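Remarks on the structure that follows.
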Amino acid sequence: MNRLLIFLTIGLGFLLAACDQDENFVIDGSIQLQFSVDTLTFDTVFTAVGSATRALKIYNPSNRPLKIGKVYLEKGASSKFRINVDGISGDVVEEVIVYAKDSIYLFAEVTVDPDEPLSVSPFVIGERLFFETADQQQSVLLEAWGQNANYFPSRENRGQAIRLSCNMGELDLSDPKPYVFYGVVFIDSCTVNFPPGAQIYVHGGIARNELFGTFNDGIILTQRNGRIKANGTLENPITFQGDRLEESFKEQDGQWTGIVFGAGSTGNSLKHTIIKNSIFGTYVDSAAAAVLNNVEIYNTTSSGIIGVHSRIDASNLLVYNNGGNSVQLVHGGDYNFDYTTLASYGVDAAALGMSNFICYDDPFTCQNFGAYRLNARFRNSIIFGSKNDQLVFSDLTRGQTPDFFNVEMQNCVVAVDEFLEEFDGLYANFFEDICIDCIKATRQDPLFSDPNEDNYRLDSLSVALGIGKPIRFPLPIAIDLEGKIRDPNMPDAGCFEREE
C-alpha cells in the first residue's frame, strides 16, 4: 500500500507540475517574439529550376514559456515557399512552444523556375510569414529572386540611396535581359542610355532609412550633371514599370515612385517610351529640361507629368488614368505640347493645371511663395475628361501682367464650362484670346473610340477630326504615336491620327 501511495503521489506531482507549467504560459500578448532578421532573403538569382533554403531563429525573451498559436504563409498552399517550424512542416503549423529565454529554428525553402512567365514567377517573389501569439500578430518578409535579370545597381539597394557616376561619360544599359532597379538611384556626372526595347522594372514600396526616414521607394533621379536618354523606336519601345507583374498588379498604380529630372538636369529625352503604374510619371524640377516624343504615361496615383519652373517639349504624348492632373505645371517655366492627348476620367482632377507661382507653406493662405513667369503653348491637342472643366489656371497677377502668365492654345479640343466665369470672368474671352481655332467639346460630343476601355483613338465622328494645323516648326511632325502618317493639310488633333 505504501508503495502504491508513493507512485500515486509522484504521478500527481508530475500532473500538477504540468498544469502549473501550462498555466504559466504568456497568454495576454504582453511579450512579442524576436526574430534573427525582419526579412529572410534568398539571395540566389535562378538561371535554371532550383531551390534554396534559409533559416530564421525565433526567440522568446520572456521568463515564461510562449505558445505560438499559428505560423502560416500568406499565400497558403499556392505559395512558392515551404516552411518547417521546429521540425514540423506544412503551410500552417500550429501550437508551437518556445520556452522561456529559449529559441527555435524555422527553415524556409523556395523553388523557382525562371522560365515561367513573369505573372507566375516575377522578378521579386515576396510574401509575408505570419506568427500569431495570444492576441498579437507578427510577420517576417520572405524575399527571393525569380528571374535571371540585371538587378540594378544591386539587389541590396532596396530602400537605400546610391549615387551612380561614370565621370561625365556614358553608361549603356544594353544587356538584352530586363533591368530591375532597386532603391533611390541618383544619376550624377553620367548619361544613362536606354536602348530600343529596354524593359525597366522598378522595385517600389514603402521603405525607411536614416537618411530619408519613411519614404516611397523606387526612384530614378538625375542630378545636375546627370541625364537620361531613352531611345526607343516604334517597333521596340522602352517601358518603365513596377516589378509586380502578377495579374492583380498588372495595371495597379503607385507601385514605384517615378522618374525625376532633378534641378538643373538638361539634355534628358524620352522617345517611344511607356511609363506606367507609378506614383507620378515624370517630375521635371527647377531649371531642368526634358524632351518627350511619342511617350505614353498612365496609371499614376498622382499627376502623370509634373513640371516645376522647368522646360518640357512634348509631341505625340498620351497621358491618362491619373489620380491628379494629367499634366501639372507649377511655378512657371517654358512648355510646348504638340499633338497631345490628356484624358482625365473618373477623378476629381482636371486634365491640365498651370500656375506661375508655388506656395512654400499652407496652400490656402500662401504667405510664403515663389513666382516665375509661365510660357505654355499647346497645339493640335485634346484636353478632355469626365468633368465639365478640364483646365485650372492659377495666375498670381490675375491677368494684370499678361507676359507673366502667357498661355497659347491653337487648334485644340478642350472641355471648359464654369472656367469661363471664374475670377470675375477673367477668362470669358478664352476662345478669342487664348484658345484660337479651338473646339469647345462636351460629353455629348463624339470624341474617343472608347475611353471606358482606355482607347483614346478617335471616333469615326470625332470632333477632333481634321481640326489641326500642320506643324512644321521647330521640327515637322508628320506621323502620329502609332506611326500613321498625318494628313498634310488638315491633321487630327491629339496623339492619334484616324485612318479612313
Which ³J(HN,Hα) values, rounded to whole Hz and listed in residue order, are derived for region 271-283 from phi using the Karplus coefficients 6.51, -1.76 and 1.60 in 6.51 cos²θ - 1.76 cosθ + 1.60 with θ = phi - 60°, glycine and proline given as x?
10, 6, 10, 10, 10, 8, 6, 10, 6, 9, x, 10, 10
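Going by how many other Cβ atoms sit within 10 Å of their own, how do Val308, Val202 line up, fewest first? Walk me through the numbers before you get to the answer.
Details: Val308 21, Val202 27.
With the sparsest Cβ surroundings first, the list reads Val308, Val202.
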Would you please give the FRET efficiency between Ser30 and Ser89, computed as 1/(1 + (r/R0)^6) with r the Cβ-Cβ distance and R0 = 25 Å, to the nearest 0.05?
0.25
Plugging the Cβ-Cβ distance of Gln444 and Glu499 into 1/(1 + (r/R0)^6) at R0 = 22 Å yields, to the nearest 0.05, a FRET efficiency of 0.30
Per-residue ³J(HN,Hα) for region 80-88, Karplus 6.51 cos²θ - 1.76 cosθ + 1.60, θ = phi - 60°, Hz, x for Gly and Pro
7, 9, 9, 10, 9, 10, 6, x, 10
Say each of Lys101 and Arg163 gets a label point 7 Å from the Cα, pointing the same way as Cα to Cβ; how far apart are those two points in nm?
4.9 nm
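At 0.36 nm per residue, minus the direct Cα-Cα distance, what do Asp38 and Phe249 gain on full extension? Give it in nm, one decimal, please. Each step should come with its number before you reach the end.
Details: separation 211, 0.36 × 211 = 75.96 nm, distance 2.44 nm.
Gain on stretching Asp38 to Phe249: 73.5 nm.
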Ser119 to Ala428: extension gain in nm, 0.36 nm per residue of separation minus the Cα-Cα distance?
106.1 nm
In region 34-145, lysine pairs 8 or more places apart or on different chains with C-alpha atoms under 17 Å apart total 4
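Please check the chain for the longest run free of trypsin sites (Lys or Arg not before Pro) that are loop-located per DSSP (anything but H, G, I, E, B) and have at most 11 other Cβ atoms within 10 Å.
Values: sites that count: Arg398, Arg443, Arg472.
Between exposed loop sites, the widest span is 1-397.
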The summed charge of the Trp145 Cβ neighbourhood (under 11 Å; Lys/Arg +1, Asp/Glu -1) stands at -2
Quick check: residue separation of Asn148 and Glu418 times 0.36 nm, minus the Cα distance between them. What number comes out in nm?
91.8 nm
Set of aspartates and glutamates near Lys484 by C-alpha distance (under 18 Å), chain-local residues within fewer than 8 positions excluded
Glu235, Glu296, Asp338, Asp459, Asp492, Glu497, Glu499, Glu500
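Readers should treat all values here as calculations from the given coordinates under stated rules, not as data from a laboratory. Nothing here was measured: the structure is a model prediction, and the numbers come from that model. Backbone-built Cβ (ideal geometry, glycine too); neighbour counts: all protein chains shown.
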